[in-house]
């Protein structure tokens, strides 16, 4: 079942002075050299933002953030991290060095921002679940003024999102409408459409080559491989129970679902669309005590970070062996995560 959508009127028109220059690849490399491998975690019950040194496993900084913070994204140059304030209306931007807040962008009444991507083009793409929309923020490090465009999904519970490599298309998972929506951001990016996918689709991840859109539906214990352009469902895969998130490995060879009720990860071979192994994190016996949610790959694809909201920890899993190497202590209800390599 497919349907169209519309564009919400922008709060301001894009002008020459409002456009930020595209982030340079060299800046990203320089930032990585300046900071050790670092994990940022948003704690939705404690309303805090944590910074964890992955070399030592120590939480080196934890500061108040906003009400019910959820997803996080780091900037292309590594200097900032953006936080979707799900309990409110803002996207807040912090310096990665000291977690000082440098900008706060209000998306308007009932926004409830959640899924967030800081794209290599320098813009922030974020869902506004309460508005059934996706916002695109230009010059997001600048406070207080920014320019944003808002695109209507027209669907209930537009929760998570993925963005095309060139920034021309956004896809959202719409929990309440049981759909995945494709939103072109310019006139040459093809058709806007929605397709019904399982029960309560929530997780979403685009393959590194941009040719396959992976979605996990928590209500039907399934993962799906979609054509990102036509939105046709190519493959349907049975996963573990309640696959809340899905993430494709940077190498593109596997997609992993976070199976909350099993306390495990289902590893899907992207070439065959088959589950090839299951990684126990807390296991079924520890699933309720840990309550795993968000998953995140390290940049080299060797580690998977698993947020365990009930135990206020993040499990660091070695992908090759499937072993939990350590559990990192974070704030109360750690959920959203972002990483600097």
List the relative contact order of segment 128-232 as a percent without decimals, with contacts defined as Cα pairs under 8 Å and 6+ residues apart.
17 percent
Fewest-first sequence of 212, 127 by Cβ atoms within 10 Å of each Cβ:
212, 127
Determine, from the Cβ-Cβ distance of residue 55 and residue 156 and an R0 of 30 Å, the FRET efficiency 1/(1 + (r/R0)^6), rounded to the nearest 0.05.
0.10
Separation between the residue 241 and residue 67 pseudo-spin-labels, each 7 Å from Cα along Cα→Cβ, expressed in nm?
3.4 nm
Rank these for me by crowding, 276, 124, going from fewest to most other beta carbons within 10 Å.
276, 124
Report the extension gain between residue 278 and residue 325 in nm, rounded to one decimal, defined as 0.36 nm multiplied by the number of residues separating them, less their alpha carbon distance.
15.3 nm
Quick one: order 134, 293, 102 by neighbouring beta-carbon count within 10 Å, fewest to most.
102, 293, 134
Can you give me the relative contact order of the chain as a percent, contacts being Cα pairs under 8 Å and 6 or more apart?
14 percent
Fully extended, how many nm does the chain gain between residue 299 and residue 168 (0.36 nm per residue separation, minus their Cα-Cα distance)?
44.8 nm
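None of the figures in this text is laboratory data; all of them are computed from the coordinates on show. Everything quoted here is computed from the prediction, not taken from an experiment. When we count neighbours, we look across all protein chains shown, and the Cβ atoms used for this are built from the backbone with ideal geometry, even at glycine.
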